[in-house]
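To start, the structure itself, in structure tokens.
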Amino acid sequence: MEKAKILIVDDEEDFLFFVKLNLEKTGKYEVRAITDPFVAMRAVETFKPDLAVLDIMMPEMDGGELAWRLRNKEESKNTPVIFLTALLNSREERSQINTRREFMSKPISIDELIKRIDRVLARK
């Protein structure tokens, strides 16, 4: 079985390490974790992710702009996105379920992230 390719972009290195380690531990995902949105833009050309997990609040380019740019690249125009944010509480997060946009509030639960990834990939 081929592993799903997950691109995670967040400016917090410790967070990226933790998420990458735990997602890869499942054996279901190949994960590319990147702190710089501009590097992530170049990485999609060769990595071709099945799904992107993007932090909304980043210094050089926010997750919304990065998602827009990914949608305008041939290699990633159909790549679904899960946004991570500390600006959303869990009740607001639940209200977003079954919409075309996916949001998760920080701090995240790895188990919940895995469920969300699997659900989004199943819809793809």
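The values are calculated or read from the model by the stated rules, or taken from the named source; none is laboratory data. The shown structure was predicted, so the numbers you read here are calculated from the model rather than taken from an experiment. Cβ coordinates were reconstructed from backbone atoms using ideal geometry, including for glycine residues, and neighbour counts include every protein chain displayed. The accessibility values were calculated without ligands, DNA or RNA, using every heavy atom of the protein model including side chains. Shrake-Rupley method; radii C 1.70, N 1.55, O 1.52, S 1.80 Å.
Is there a residue being open to solvent by less than 50 Å² (accessible area, probe 1.4 Å), assigned to a strand (DSSP E or B), modelled with pLDDT of 95 or more and within 16 Å of Glu12 (Cα to Cα) anywhere in region 33-46?
yes
Looking at (1) out of contact with any Phe, Trp or Tyr (no Cβ under 6 Å at 6 or more places or on another chain); (2) open to solvent by less than 60 Å² (accessible area, probe 1.4 Å); (3) within 22 Å of Asp118 (Cα to Cα); (4) not in a loop (DSSP other than H, G, I, E, B), find the lone condition where Glu30 falls short.
Single failed check for Glu30: (2).
When you scan region 58-88, how many residues do you find that are outside any helix (DSSP H, G or I) and surrounded by 14 or more Cβ atoms within 10 Å (Cβ to Cβ)?
Qualifying residue count, region 58-88: 11.
Taking interchain pairs and intrachain pairs at least six residues apart, which have beta carbon atoms under 9 angstrom, with the first residue in region 106-120 and more than 17 Å from Leu54 (Cβ to Cβ) and the second open to solvent by less than 40 Å² (accessible area, probe 1.4 Å) and among the small types (Gly, Ala, Ser)?
Partner pairs satisfying both residue conditions: Asp118/Ala4.
Yes or no, residue by residue, for (1) modelled with pLDDT under 95; (2) in contact with a helix residue (DSSP H, G or I) (Cβ under 6 Å, 6 or more places away or on another chain):
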| site | (1), (2) |
| --- | --- |
| Ala4 | no, yes |
| Asp10 | no, yes |
| Phe18 | no, no |
| Leu21 | no, no |
| Lys28 | no, no |
| Gly64 | yes, no |
| Glu75 | yes, yes |
| Arg100 | yes, no |
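I'd like the full set of residues that are touching an Asp or Glu at 6+ places or on another chain (Cβ under 7 Å) and open to solvent by 40 Å² or more (accessible area, probe 1.4 Å), limited to region 3-27.
Correct list: Lys3, Lys5, Asp11.
Where residues in region 16-72 are over 18 Å from Ala86 (Cα atoms) and hydroxyl-bearing (Ser, Thr, Tyr), which of them is nearest to the chain's Cα centre (by Cα)?
Ranking the qualifying residues of region 16-72, first place goes to Tyr29.
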